[in-house]
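Before any comments, here is the structure.
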Amino acid sequence: MNQSAERPKQWRSLVLPLASIGYVIALALWVDRALQPQGWLAGVAAASIAVVGTRQGSLAGRLMGWGLAAVVASLAARSESRALDAIGAVAAMVCAIGASFALAHVPQQGGLVRHEATSPWPRAVVLAAVWGPALVAYGLPHDPSTNWPSTGWLAQHSGEWALAAAVATALVFLWAIGRALLRRRLELGVAERLVAMRLLLGACCVASLVVCTISEASFYSTARLFVALASVAIGYAAMAADAARVAGATRRLVVLGMVGGAVALLGGAAALGSGSGWGAWEVTVGTAAAALFVGAAAPRLEAPFRPSRGVWLDAFARARDNASRAEPDEAIRSVLDALRGPAGPSSASPELWTFHPVCVATVDAAGYLHASEDDLPDGFAAVVAAEPLSTLRIEVLDALEVRRPDLRPLAKWMSDRGALLVTLVESDGASDGGTEGMLVLRRAAGGAAARSLTFEEVRSLKAAADGLAAACRARASQARMMARAQEAVKRCEATEERLEALRHESAEHASRHGLAAMRLAWPAAVGAYSAASRMALETLERQTALGAPIAVVAPSGVDPIPYLARAHLSGARRAGPLVVVDGASTVEHALERWGDPRTSPLALANGGMLVLLDGAALPARVQQLLASAFAEKRVPWERPTALDVQLAWTGVATPDDLVAQARLEASLATRLGDARQRPTLLPRLRERSDDLRAILTDRFAREGLRVLGRPVGIEQTAYARLVDYRFPGEDAELASIVQRLVARCTGDLVRAADVEALRLRSEPTGERRKDPLSA
């Protein structure tokens, strides 16, 4: 509904301009009595121009459209009419003012270079002042007998005033174009528009002179048409959306005007001289054929007029075609080689930067691709992305580095590399997140490429750069994969080194644990000859080999640690630690100690054997914690792996007896498994008579070295006295007796008198003792 409501409003705004053009057409037809076909053709052309021109979106476009239509309509009459001449002068002035507005609002591309908009009104006032005398002259009566004889000369020379106004308008346009070109030379695309305006103004001037020379049209009417056409051409160049299209269309128009105009003049001359044997039809056909040939050859004819004779445009076109190759490296190589072609093999190679990781690709003189690593200034890509066509030119940085200190590092970076411009490689034309790389075009050797590239060339280069987006993405992905592979290799090598170090460390720990266990097992290795000792050791070794829990009943005074240590050394966990917990020690009664991952015996014994020496002496809470840990194979703190410890429990009585006495928790006794019912009973000294001599000999030698600094032996008679003693205190009492005898010894042997002095009392038994001197 909004569109349907706006349409009548738009047409109402066009009624007055179209009505005025209709009035001018009607006036022109009335002057010639509507008898001339020229009037009708001009009227149709003026009406068409009015319909199109008055519907332009900008004020300048509507002014130029109305003015051109009015000028064409004023030229429809062959007869002279001062009213039509006045209307044509007003229309030419309106066209010029519209072009002045358009020239003041040449669109900006954005980026670093910006300019303050200039007001078009001063030029509009100048143009109005220039055309003022001509309008006044057309408005005065031409008859010298009127009441204004002093102004008769002005009315008589009204055409000359219009011609002078047209020339002044052309000069004003030239001055305005030159001034804008000087002020806005660094803006991408503006220079092309301004140069096109100057060329179009010159072309309109030349065409007007030719028309005046070969036709019957007056200089004055031709001058009005010249101003109107020149104004429309300048307005088109200023307001067109694509600056490159403006440059190309202007170049094509100038070439066709030069060559086609020459053909038309030759055709006209031939038609005038048709008396030489050529008829009108032959001249027409020949001229048409020549015009067709000129039109077909227009691209070749305009090639010399392209920027740098088209060298860079052709190179950019080849690069754009080569960018579509399937192999990324081949596409990059061929594009860089094509871009290097115009500057010659001795010039520096263009550079293609790919990101994540940053890599620079270049080609050598032989066309081989090379890659290296380099660094970009911080924020460089963001500055380039904000420029028109995402392209940053060195001349822009050179012009702004004094006023913009933040741009000086970027200018120095480009100058050091000899970069002419930098353009981003973007995928799908998106500048937000679609940047795949950066293309650096460098100056040629000897400054051959020091000329700034035009908007047409920059856009062609940008198209070639964007064509490399897929290749840059593939190359960056390949570089990231290679970087990850190299990093993985490095991590693997570091892991292998660390693993080897851990293996060495683990071997050292295993050796350390083994040495510690061997020191503890040494007493069990001395004097293990009796059947009772051998049976106890073999039972323990079988249980450690199976990894089953162990229960040992050791009478008070019998040390079970040597037996368990020796069994541990023969078991599957011999490389693990052997941790002994003295249940009678109050240090082991703290529940917090068992729950601490740094000091808990469960953590220290992981992978080895935990010996609960007198385990029934531990508090009930500790026993319950141990039972829960061994039942669930889980320590009382967070740990990713299960508990791997072999349990060895010792006591002075069997587990069942201790459970019955409420000294041992039933849950912990259950963790002993079959060993609870069949515990290993360690023999007493009285049951190891075959081991006594070896034990005594070892003890005396070690105690002698400790106290006297020399080994101490024992006489047979003294040994016989000790054999008869039953050692009720077991190993502990034996150690005390050895210490006392060595302390009394005055020589190298413990004698019978020394033993007698201890007054050892042996309880009489009915057992028959083995002869101490027997084998």
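The values are calculated or read from the model by the stated rules, or taken from the named source; none is laboratory data. Keep in mind that this is a model prediction, so the values were computed, not measured. Methodologically, a virtual Cβ is constructed for each residue, glycine included, from the backbone with ideal geometry; neighbour enumeration extends over all protein chains shown. Each accessible area value is taken on the protein alone, full model and side chains, heavy atoms only, with ligands, DNA and RNA left out. Shrake-Rupley method; radii C 1.70, N 1.55, O 1.52, S 1.80 Å.
Odds and ends about this structure:
- Set side by side, the residues R699, R676 differ, and just one is open to solvent by 30 Å² or more (accessible area, probe 1.4 Å) and over 30 Å from P619 (Cα atoms), which is R699.
- Inter-residue pairs, beta-carbon under 7 Å, first on the phi > 0 side of the Ramachandran plot and in segment 535-563, second aliphatic (A, V, I, L, M), 6+ apart: G547/A572; G557/A732
- Leading residue by the ranking (surrounded by the most Cβ atoms within 10 Å (Cβ to Cβ)) among those in segment 316-343 that are more than 25 Å from the chain's Cα centre (by Cα) and acidic (D, E): D337
- Condition check for R710: open to solvent by 50 Å² or more (accessible area, probe 1.4 Å) and either assigned to a helix (DSSP H, G or I) or within 18 Å of L760 (Cβ to Cβ) (or both): no
- Just one of (1) open to solvent by 10 Å² or more (accessible area, probe 1.4 Å); (2) in contact with a helix residue (DSSP H, G or I) (Cβ under 9 Å, 6 or more places away or on another chain); (3) assigned to a loop (DSSP other than H, G, I, E, B) fails for D644. It is (2).
- Matching residues in segment 234-246 - criterion: being open to solvent by 20 Å² or more (accessible area, probe 1.4 Å) and in a helix (DSSP H, G or I): Y236, M239, R245
- In the set R706, R671, R676, R686, only one residue is of a type outside the set (G, A, S) and within 18 Å of V579 (Cβ to Cβ); that residue is R671.
- Of the candidates R503, R484, the single residue that is more than 30 Å from E426 (Cα to Cα), assigned to a helix (DSSP H, G or I) and without any contact (Cβ under 8 Å) to a residue 24 or more places away in the chain is R503.
- Criterion (modelled with pLDDT of 85 or more, surrounded by fewer than 17 Cβ atoms within 10 Å (Cβ to Cβ) and part of a helix (DSSP H, G or I)) met by exactly one of V51, V72, V90: V51
- Matching residues in segment 213-233 - criterion: being of a type in the set (V, I, T), open to solvent by 50 Å² or more (accessible area, probe 1.4 Å) and in contact (Cβ under 8 Å) with a residue 24 or more places away in the chain: I214
- Members of segment 718-748 found to be open to solvent by 70 Å² or more (accessible area, probe 1.4 Å) and either at pLDDT below 85 or not in a loop (DSSP other than H, G, I, E, B) (or both), listed by number: R721, D724, Q739, R740, A743, R744, T746
- Here is the figure for segment 515-535: residues that are within 16 Å of R573 (Cβ to Cβ) and either surrounded by 16 or more Cβ atoms within 10 Å (Cβ to Cβ) or acidic (D, E) (or both) total 3.
- Within segment 705-731, residues that are closer than 19 Å to D559 by Cβ have Cβ atoms under 6 Å from residues that are in a helix (DSSP H, G or I) in these pairs: R726/R686; F727/L685; F727/E733; F727/L734; E730/L685, counting only partners at least 6 apart in sequence or on another chain.
- Condition check for D314: farther than 30 Å from L256 by Cα and modelled with pLDDT under 90: no
- Looking across segment 530-551, the residues that are in contact with a helix residue (DSSP H, G or I) (Cβ under 7 Å, 6 or more places away or on another chain) and not in a helix (DSSP H, G or I) come down to S530, A548, P549, I550, A551.
- If the condition is being charged (D, E, K, R) and part of a strand (DSSP E or B), then segment 567-615 contributes only D582.
- Residue list for segment 119-131, filter: surrounded by fewer than 16 Cβ atoms within 10 Å (Cβ to Cβ) and without any contact (Cβ under 8 Å) to a residue 24 or more places away in the chain: S119, W121, P122, V125, A129
- Of all residues in segment 578-616, those satisfying the criterion of being β-branched (V, I, T) and touching a residue at least 12 places away in the same chain (Cβ under 8 Å) are V579, V580, V581, V611.
- D698 being under 17 Å from D559 (Cβ atoms) and part of a helix (DSSP H, G or I): yes
- Among the candidates L182, L171, residue that is at negative phi, at pLDDT 90 or above, open to solvent by 60 Å² or more (accessible area, probe 1.4 Å) and not small (G, A, S): L171
- Conditions (1) part of a helix (DSSP H, G or I); (2) more than 17 Å from M64 (Cβ to Cβ); number of the one not met by R185: (1)
- K462 vs. criteria at pLDDT 90 or above, open to solvent by 40 Å² or more (accessible area, probe 1.4 Å) and under 23 Å from A348 (Cα atoms): no
- Residue under evaluation A117, criteria (1) assigned to a helix (DSSP H, G or I); (2) out of contact with any helix residue (DSSP H, G or I) (no Cβ under 6 Å at 6 or more places or on another chain); (3) of a type in the set (A, V, I, L, M, F, W, C), criterion not met: (1)
- In segment 185-212, the residue that is surrounded by the most Cβ atoms within 10 Å (Cβ to Cβ) out of those that are without any contact (Cβ under 8 Å) to a residue 60 or more places away in the chain and under 44 Å from the mean Cα position of the chain (by Cα) is A196.
- Qualifying positions in segment 567-595 - charged (D, E, K, R), open to solvent by 30 Å² or more (accessible area, probe 1.4 Å) and within 18 Å of W649 (Cα to Cα): R573, R574, D582
- Restricting attention to segment 365-406, the residues that are closer than 26 Å to P328 by Cβ and of a type in the set (D, E, K, R) add up to 3.
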